[in-house]
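J.: Attaching a single structure in structure tokens format; questions to follow.
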Amino acid sequence: MNSNQSRRKFLQAGLALPAVGLVSSGSLDSAFQGSSSAPKVVYRTLGKTNLKVSGVGYGIGFVPVAEVVARAIDMGINYFDTSRDYGDSEKIFAGVIKGKRDKIIIASKSGRTKKAHILEDLDTSLQVLGTDHVDIWHLHGRDNPAQIPDEAIEALELCKKSGKARFIGFSSHDINNMVPFILKTGKFDVIQTTYSFPIGGRFREQAIAKLHKAGIGVIAMKVVVALSGFNLKTVENPPARPNGDGPLAGIKWVLQNPAIGTTVPNMRTIPQLEMNFRAMSEPYTPNDEKLLVMKSEQIRPDYCRMCYQCKGVCPKGMPVSDVLRFLSYHDFYGDYHHAVVSFRDLAREVRDVRCIDCKTCAIQCPNGVQVRDRLIRAQQLLA
């Protein structure tokens, strides 16, 4: 396929996506704050949990900005996502939520697999957070059923039975690979997965629809990554500052889908928070659609859509989608720390691969990503 054909198909796909999952505000569980002209917080039901969660939640990340988190709570945002794997994230968050625990829904995660370790992580999280329970306890980053052995499920069930976690689930980037396991197991209340304009329609809709039909709450992550205008080309370029309305349009697109309970964008400034907040009450417009198609086309050579069609193709065993995702944390989000930590969790033999040694790449991305160039950049920047 030549470049022009690929571009046309990409644009046609992008234009078609917003038509999927359109939802009227009357079908949502809504509560409004402020005047009729002010942005409104809209609460949605998270699957069969019956938790009422704000459509725009908050992924507080490695280093939460206390004043922004506090402002979000005051505005009515009530869903907050963190993890044991995020360094001091829980500790910083705990300092903000003192006296406000009854106003918020807390989700945290364990990155481990052994039963004893998962139980230990939950106890540690509760101690650090200063609460007797979390509302949702996830296993972190599970893209293969083998990463959730029976003892991990037993641990989750014990967490729930003890009352230390009200509901259980896991986060996943490769949700298409996990849905049959989720439905067969029948143990999970919620699932957190990647869903955005660049990757949502073609690569996630069917999986998310199946989860929704089963009553499983769906939390959308990575909803604005790559829509903030980052498009770094060299190792030397510093992360750009997010600008424009790409994130706002991106969240509005996601919230059209009634299967999505909430979203967890990370917000580092009050203006970012205020812009994202508007997504709950502003309509998705033709101008939003045009903007997102344009942004998606701009990032096409650099942003992996996580379709996983390249899985197992590299003769050197490079997990291409994972490495490109780690690079995106820096290039499209400005989080070098998250990128480095993730990359350095890879096996030594993978970290030692240098794609510059290959004259040609075995992977020809169907979405137009320049895979070899991106992998070389990741290795130069993160290895």
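The values are calculated or read from the model by the stated rules, or taken from the named source; none is laboratory data. Note that the coordinates shown come from a computational prediction; the quantities given were computed from them, not determined experimentally. Virtual Cβ from ideal backbone geometry, glycine too; neighbours counted across all protein chains shown. For the accessible areas, the whole protein counts, side chains as well, though only heavy atoms, and no ligand, DNA or RNA atoms are used. Shrake-Rupley method; radii C 1.70, N 1.55, O 1.52, S 1.80 Å.
J.: Report relative contact order for the chain in percent, whole number only (criteria: Cα-Cα under 8 Å, sequence separation at least 6).
T.: Reported as a whole number, the value is 17 percent.
J.: Compute, for the chain, the length of the dipole vector about the Cα centre, with Cβ point charges of +1 (Lys, Arg) and -1 (Asp, Glu) only. Units Debye, rounded to 20.
T.: Once rounded to the nearest 20, the dipole reads 680 debye.
J.: Taking only protein heavy atoms into account and a 1.4 Å probe, give the accessible area per residue of segment 291-353 in Å².
T.: Result: 40 Å² per residue.
J.: For segment 281-381, what is the largest minus smallest coordinate of the Cα atoms on each principal axis, given in angstrom and ordered from greatest to least?
T.: Principal extents (Cα only, largest first): 48, 29, 19 Å.
J.: Report, for the chain, the % of DSSP beta bridges that are antiparallel, rounded to 5.
T.: Roughly 10 percent of the DSSP beta bridges within the chain come out antiparallel.
J.: Still on this model: If you roll a 1.4 angstrom probe over the protein chains with everything in place, what fraction of the accessible area of the chain belongs to carbon and sulfur, to the nearest %?
T.: C and S atoms contribute 51 percent here.
J.: In addition: Dipole of the chain (Lys/Arg Cβ +1, Asp/Glu Cβ -1, origin at the Cα centre): which of Thr193, His173, Cys314 lies farthest to the positive side?
T.: Sorting the options by dipole projection puts first Cys314.
J.: Evaluate E = 1/(1 + (r/R0)^6) for Asp102 and Ala214, where r is the Cβ-Cβ distance and R0 equals 30 Å; express this FRET efficiency to the nearest 0.05.
T.: 0.50
J.: Give the accessible area for Glu274 in Å² (nearest 10); use a 1.4 Å probe, count only protein heavy atoms, and leave out ligands, DNA and RNA.
T.: Ignoring ligands and nucleic acids, Glu274 comes out at about 80 Å².
J.: Label points 7 Å out from Cα along the Cβ direction at Ala347 and Lys316: separation in nm?
T.: Taking the two extended label points, one gets 1.5 nm.
J.: What nm value, rounded to one decimal, do you get for the distance between Leu183 and Glu120 when each label is placed 7 Å out toward the C-beta?
T.: Roughly 3.7 nm, to one decimal.
J.: What is the distance in Å between the Cα centroid of segment 153-179 and that of segment 73-111?
T.: Using only Cα atoms, the two centres lie 18 Å from each other.
J.: Could you give the dipole magnitude of segment 64-118 about its Cα centre, charging the beta-carbon of Lys and Arg +1 and that of Asp and Glu -1, in debye to the nearest 20?
T.: That gives a dipole near 340 debye.
J.: Go through Pro271, Val340, Leu227 and say which Cα lies farthest out towards the positive end of the charge dipole of the chain; charges sit on Cβ, +1 for Lys and Arg, -1 for Asp and Glu.
T.: Farthest towards the positive end: Leu227.
J.: To one decimal place, what orientation-averaged projected area in nm² is obtained for the convex hull of the Cα set of the chain?
T.: If I average the Cα hull's projected area over directions, I get 18.2 nm².
J.: I need the shape label for segment 90-182. Rule: rounded when a/c is under 1.5, else prolate if a/b > b/c, else oblate, with a, b, c from the alpha carbon gyration tensor.
T.: Judged from the Cα gyration tensor, segment 90-182 comes out prolate (a/c at least 1.5, a/b above b/c).
J.: How far apart, in nm, are the 7 Å Cα→Cβ label points at Ile270 and Ala362?
T.: Placing both labels 7 Å along Cα→Cβ, they lie 5.3 nm apart.
J.: I've got another one for you. Past 32 Å, Cα to Cα, is the threshold; run Lys161/Lys311; Lys40/Lys222; Lys114/Lys213 against it and keep the listed order.
T.: As for pairs spanning more than 32 Å Cα to Cα, those are Lys161/Lys311.
J.: Please list, short to long, the whole-number percent of alpha-carbon pairs of segment 248-314 in consecutive 10 angstrom bins beginning at zero.
T.: Taking every Cα pair in segment 248-314, the percentages come to 17, 38, 34, 10, 1.
J.: What percentages, rounded to whole numbers, describe P(r) for segment 322-374 computed over all alpha carbon pairs with 10 Å bin width beginning at zero?
T.: The distribution over segment 322-374 is 22, 48, 29, 0, given as percents.
J.: Taking the Cβ-Cβ separation of Thr131 and Glu67 as r and a Förster radius of 25 Å, what is the calculated FRET efficiency to the nearest 0.05?
T.: 0.75
J.: If I histogram all Cα-Cα distances within segment 40-199 using bins 10 Å wide from 0, what percent of pairs lands in each bin?
T.: Spelled out per bin, shortest first, that is 10, 41, 37, 11, 0.
J.: What is segment 122-171 by shape, rounded, prolate or oblate, if you read a ≥ b ≥ c off the alpha carbon gyration tensor as root eigenvalues and call it rounded for a/c under 1.5, prolate for a/b larger than b/c, and oblate otherwise?
T.: Because a/c hits 1.5 or more and a/b exceeds b/c, segment 122-171 counts as prolate.
J.: Any idea of Arg351's accessible area? Nearest 10 Å², probe 1.4 Å.
T.: My reading of the accessible area for Arg351 is about 50 Å².
J.: Test of understanding: in a Gaussian network model of the chain with alpha carbons linked when under 10 Å, which of Gly261, Gly95, Gly200 would top the mean-square fluctuation ranking?
T.: Between Gly261, Gly95, Gly200, it is Gly95 that shows the largest mean-square fluctuation.
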